[in-house]
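First up is the structure itself, then whatever we jot down about it.
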Amino acid sequence: MAANNLGRVSLNDSSAAPAVEVDELVKRYPKSPVNAVDGISFAVTPGEVFGLLGPNGAGKTTTIGMLTTRVRPTSGRAMIGRVDVAADPVRARSLLAVVPQRSNLDRSISIRRNLTFHAAYHGVPAAEATRRADELLAQFGLLERADVKPDLFSGGQAQRMMIARALMHEPQVLFLDEPSTGLDPAARLFVWDRLRELRDRGVTLILTTHDMHEAATLADRVGIMDHGKVLALDTPEALMRGLPGSSTLELSVRAFENGGVPAGMIESLEQLGGVEQVESLPDEPGDGQPAQWRVRLYVTGEASELIAPTATLLADRGLALSGVELGAPSLEDVFIHLTGRTLR
Amino acid sequence: MSAVSTPVSPASQARAFSAVLRRDLYVTWKELPVFLAQVILQPLFLLFVFGKVLASLGYTQHGYSDLLFPGLLALTAVITGMQTLAFPLVVEFGWTREIEDRLLAPMSTALVAAEKVLFASLRAITATAIMIPVGILVLGSIPWRWSGVPLLVVALVLGSMLGAGLGLVLGTAVVPNRINIVFSLVFTPLLFTGCSQYPWPSLSRLRWFQVVTACNPMTYVSESMRAALVPSVPHIAVWVCTVVLIGSLSVLLTLGVRGFYRRAID
């Protein structure tokens, strides 16, 4: 879908070949009783920004590991362009680049050397590497400190350096593992802007995140992962459209002393006009706070119009409303809808 | 896309290999004083105390320093090779993850390990070569035979690679929080059972220790060095040394590369 946007350059003349494709990919680590990645399949078109969204431990990083030759698949196939990653890891490495979660910059050499040596590993001629390094250092706001070793830098700067380094050999596919985790808001916006520029230049981006906002903002399509499986895969808009209703109404209810809720409460809420679906949410016990019952109503039309009827309904059953939240559905809601759990 | 079906050319893998080697040489060059201090201090003190001080005080027999010097060359080669490879490797895999950028270079993972071995061997050879002028400086004169130089070179190369092989095995087998204990458990016995301070045949009076030292491959480096520089001192036959060294080297490199793959690829 994204590949046919205007201005996108396809690096691959054979439009039939996806930039990345995984087929029934499985990883089970030794001594583990379950599959870390459990038979996932998807394809990413050249120039697309593809997000893998899920909580920690969902299998996102392992999936990236298999696509980037660092994790050996137990079964299934991972392809970068037309290269089978497991069969020809050396060629796959020449096509891809990785920006990991934690800094792995070379601390013995300066930022500039980090970039130029990376280019040399990939066979970029020295003069060309110097030119690209200057360009990228400027673009990423690193020029002034280019000759300093990287251990003196903040997380946001390290992230920028690693993206700049990754681009030195002009990869066809760039993998970013949790690109903005641990960054302050300004650094995050900076990284997002750089990623959008890359997308506009036709680089295929695959990113993992547990931040639904990041996924919705950057990704053309999002795969929602949990327990090693892809539960849903579509554009953020389509995923949210797939939720029942067009808006949500989240209620916090002070539960009975025993924490219980009257039988048939959910059914009664569902019978209110305009309510599409009702979901009981996982309790998030606060310190010393009385037990809460949290429930989300997926609503067609104006959610605010339902506040009064629900309050009346709850009061009739002897329950008191303690909080109300109106919202448009987000990817977080999609995740909750699919798994019954929040993302974190 | 015909290019995709052909394997990555050996030339481009060689380019990646040489770039990684250049990176290591560049870092060594930038930190030259540290490198020199690291490799020279220990053998320098051994040489000074055992070869000079004890001899001057009359605690060692005349000629002991002639016997010690080739042994210290062996020691320097093996220990430098091992240290150059093992410590940084544990740190790179365990903490800094610096090695990841090289593991993702378009070259086979075995070549990344091979570069480590080559670089460690080069450093070990350099460090050992530096010991020759240092020996002249400390002892006044060293045992030297030009006709023994070819054998010396063979022993030097095999000894350096042996150290690198040991380093590769240790560096991939040890988890970071165990590094101190493992290294002291390996390092000290290796240092003192490698026949660098005494010739092996002379141990016949201490039979059990002779057996122990025969199990340390460094013994065969020390014996070859003595065969090259002081052939009049009884030593293990050169062909035995060479066979044992090549054998140990193959075992260590096989284990080490296997360990490297285990650490590099999950």
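Remark on B:Asp266: its backbone amide H falls under 5 Å from those of A:Val71, A:Arg72, a criterion applied only to residues 5 or more positions apart or on other chains, H modelled at 1.01 Å from N.
When Rg and Dmax are taken over the Cα atoms of chain A, they come to 23.6, 78 Å. Segment A:Ala86..A:Thr235, full-extension length gain: 50.7 nm, with 0.36 nm per residue of separation and the alpha-carbon distance subtracted. Loop exposure criterion: GluC sites (Glu not before Pro), DSSP state outside H, G, I, E and B, at most 16 other Cβ atoms within 10 Å. Applied to chain A, the longest stretch between such sites is A:1-256. Of the two radii for the stretch A:102-149, the radius of gyration is 0.95 times the Kirkwood radius, both from the alpha carbons; that is the Rg over Rh value. Evaluating 6.51 cos²θ - 1.76 cosθ + 1.60 at θ = phi - 60° for every residue in the stretch B:126-142, the Karplus couplings come out as 4, 4, 5, 4, 5, 5, 5, x, 4, x, 4, 5, 7, 8, x, 8, 10 Hz, glycine and proline recorded as x. Taking chymotrypsin sites (Phe, Trp or Tyr not before Pro) across the stretch B:189-266, none is in a DSSP loop with at most 11 further Cβ atoms lying within 10 angstrom of its Cβ.
If you wrap the tightest convex hull around every Cα atom of the stretch B:184-245 and split its volume per residue, you get 77 Å³. Our note on the geometry: Cα centres of the stretch A:13-56 and the stretch A:121-187, 26 Å apart. Could you tell me what % of all Cα pairs in the stretch B:139-262 have separations over 22 Å? Summing the P(r) of the stretch B:139-262 above 22 Å gives 40 percent of all pairs.
A cut-off of 5 Å between modelled amide H atoms, ignoring neighbours fewer than 5 places along the same chain, links A:Leu231 with A:Ile224, A:Met225, A:Asp226. Pairs of Cα atoms nearer than 8 Å and 6+ residues apart set the relative contact order; for chain B it is 26 percent. Averaging the Cα positions of each part gives two centres, and for the stretch B:83-144 and the stretch B:1-80 these lie 6 Å apart.
Relative to the longest principal axis of the Cα atoms of chain A, the long axis of helix A:126-139 makes an angle of roughly 30 degrees. If only the Cβ of Lys and Arg carry +1 and only the Cβ of Asp and Glu carry -1, the dipole of the stretch B:63-204 around its Cα centre is close to 140 debye. Projecting the Cα atoms of B:Ile179, B:Leu72, B:Ala37 onto the charge dipole of the stretch B:12-264 (Cβ charges, centred on the Cα centre) puts B:Ile179 farthest toward the positive pole.
Within the straight-line cut-off of under 16 Å between alpha carbons, the aspartates and glutamates reachable from A:Lys31 are B:Asp266, sequence neighbours fewer than 8 places apart in one chain being disregarded. Taking the C-alpha atoms only, the angle from helix B:238-264 to the longest principal axis of chain B is near 30 degrees. Straight-distance candidates among the aspartates and glutamates for linking to B:Lys52, with alpha-carbon spacing under 12 Å and chain neighbours fewer than 8 residues away dropped: B:Asp66. Amide H contacts of A:Glu48: A:Leu205, each under 5 Å away and 5 or more positions distant or on a separate chain (H built 1.01 Å from N in the peptide plane; Pro and chain starts excluded). All C-alpha to C-alpha distances of the protein assembly as shown, sorted into 20 Å bins beginning at zero, yield P(r) values of 17, 38, 27, 14, 5, 0 percent in whole numbers. Relative contact order of the stretch B:1-112, taken over Cα pairs closer than 8 Å and 6 or more residues apart, is 34 percent. A straight Cα-to-Cα reach below 19 Å connects A:Lys27 with the lysines A:Lys60, A:Lys229, residues fewer than 8 places away in its own chain not being considered. Over the stretch B:12-264, the pair-distance histogram of Cα-Cα distances with 10 Å bins from zero comes to 7, 31, 35, 19, 7, 1, 0 percent, rounded to whole numbers. Distance between the C-alpha centres of the stretch B:151-224 and the stretch A:288-344: 70 Å, rounded to the whole angstrom.
Taking every C-alpha pair closer than 8 Å and separated by at least 6 residues, the mean separation divided by the residue count of chain A gives a relative contact order of 19 percent.
FYI, it's all coordinate maths here, none of it is from the lab. Remember, predicted model here, so these are calculated numbers, not experimental data. Ideal geometry is used to build each Cβ from the backbone, glycine not excepted, and the neighbour counts take in all protein chains shown.
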